[in-house]
Amino acid sequence: MSDQFNQKQYNNTLKNYQPKPNLIVNCLKAFVVGGLICLFGQMLTDIYMNVFDMTEKEAGNPTVTTLILLSALLTGFGVYDKLGQFAGAGSAVPVTGFANSITSAALEHRSEGIVLGVATNMFKLAGSVIVFGVVAAYVVGIIRYVFQSIFM
């Protein structure tokens, strides 16, 4: 019983010494950086549409591929991690954050070899995101099909 009481006292004392996060500033940083990443993605889409004479739909895939490539390179050079520390969720939410998580895991485990290090650890974090995305797309597709069957 005294161990629980001591733990509660410790947690209460610890709260007094922890720095309080500035939520407004953190939200603004995330909003601005996430918005700039999306703005850059839109600029890439416009470049692909105007320079390579693609439709908006056709320009989507090379835009996402370019963003993934750039974020993987920036992760390799250590730049994206600094951006992530500054921006928080603003750098983690777009597709670039997903590429960063995969690349970071691959770089962290590269000393263990390509198969047992990089390949097996690269999708530990990203694997659940991929599975959730596929399952969510399947469920939404079924719901859409049911609604179209009923109302159309």
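Read-outs: derived from the displayed coordinates by stated rules, not from any lab. Source: prediction; values computed, not measured. Cβ: placed from backbone, ideal geometry, glycine included. Neighbour counts: every protein chain shown.
In plain terms, the residue of M122, M54, M152 with the fewest other Cβ atoms within 10 Å comes first and the most crowded comes last, giving M152, M54, M122. Comparing I130, I143, P19 along the charge dipole axis of the chain, the residue lying farthest to the positive side is P19, per the Cβ-charge model.
Shown is the FRET efficiency for V95 and F151, computed with R0 = 35 Å from the Cβ-Cβ distance and rounded to the nearest 0.05: 0.60. Placing +1 on the Cβ of every Lys and Arg and -1 on the Cβ of every Asp and Glu, with nothing else charged, gives the chain a dipole about its Cα centre of roughly 560 debye. Distance between the 7 Å Cα→Cβ label points at K57 and Q85: 4.5 nm. Label separation (T66 vs M49): 1.3 nm, computed from points 7 Å beyond Cα along the C-beta direction. Taking other residues whose beta carbon is less than 13 angstrom from the beta carbon of A87, and scoring Lys, Arg as +1 and Asp, Glu as -1, yields +1. When only Cα pairs below 8 angstrom with a gap of at least 6 residues are kept, the stretch 25-152 shows a relative contact order of 22 percent. Highest mean packing comes first when the peptides 90-96, 35-41, 128-134 are listed by Cβ atoms within 10 Å, giving 90-96, 35-41, 128-134.
Rounded to 0.05, the FRET efficiency of the V129 and T13 pair, given R0 = 41 Å and the Cβ-Cβ distance, is 0.65.
What is the helix-to-structure angle for 23-51, meaning the angle in degrees between its Cα long axis and the longest Cα principal axis of the chain, kept from 0 to 90 and rounded to the nearest 10? Once rounded, one gets 20 degrees. I need the calculated FRET efficiency for the pair Q42 and L107, taking r as the beta carbon distance and R₀ as 35 Å, to the nearest 0.05. The value I calculate is 0.75. Neighbour counts of other Cβ atoms within 10 Å put D46, D53 in the fewest-to-most order D53, D46.
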